[in-house]
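Structure, as structure tokens:
The values are calculated or read from the model by the stated rules, or taken from the named source; none is laboratory data. Computed from a predicted structure; not experimentally measured. Positions of Cβ are generated from backbone atoms using ideal geometry, with glycine treated the same way; all protein chains shown enter the neighbour counts. The area values use the complete protein model at the heavy-atom level, side chains included, leaving out ligands, DNA and RNA. Shrake-Rupley method; radii C 1.70, N 1.55, O 1.52, S 1.80 Å.
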Amino acid sequence: MTSEPNQLDVLARLAEVIESRKGGDPDKSYVARLFHKGTDTILKKVGEEATEAVIAAKDLAAADTPEHRKALIGEFADLWFHAMVAMAHLGLKPQDVVAELARREGLSGLVEFASRGASPPSSASA
């Protein structure tokens, strides 16, 4: 048996740190600076990180190397982090997203899309 803590606990701890930065000094904390700048700045960072993750994923798909894998993992970490900042700014918690994922668990993607009245992505866009 390993003594390694549950890695998902990292998300809960990170969420607590992010929450603690609300109202913090924007000159001393990157997260406080994002909160200080507001919704548009935070969401712009989420978009930038998503774009960087897509580029890194395309690099990995083109050439599966350890460097490309490491780069993609780093970009996904940046994306998750900034998404968590956005969630905190908008009054959401990681548990809200985990609960939604749990609700969807075991559902066909097509059934889940239909339950929201959404159109599934076309096979051409995959």
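Structural remarks
- Residue ID - farthest from Thr39 (Cα to Cα), chosen from residues in segment 67-102 that are open to solvent by 50 Å² or more (accessible area, probe 1.4 Å) and charged (D, E, K, R): Glu67
- Within segment 24-37, the set of residues being touching a helix residue (DSSP H, G or I) at 6+ places or on another chain (Cβ under 8 Å), surrounded by fewer than 16 Cβ atoms within 10 Å (Cβ to Cβ) and not small (Gly, Ala, Ser) comprises Asp25, Pro26, Asp27.
- Selection of segment 12-23 for residues being over 12 Å from Ala86 (Cα atoms) and surrounded by 15 or more Cβ atoms within 10 Å (Cβ to Cβ) yields Leu14, Arg21.
- Segment 46-61: number of residues that are surrounded by 15 or more Cβ atoms within 10 Å (Cβ to Cβ) and of a type in the set (A, V, I, L, M, F, W, C): 6
- If you check Asp64, Asp40 for being open to solvent by 60 Å² or more (accessible area, probe 1.4 Å) and part of a helix (DSSP H, G or I), only one passes: Asp40.
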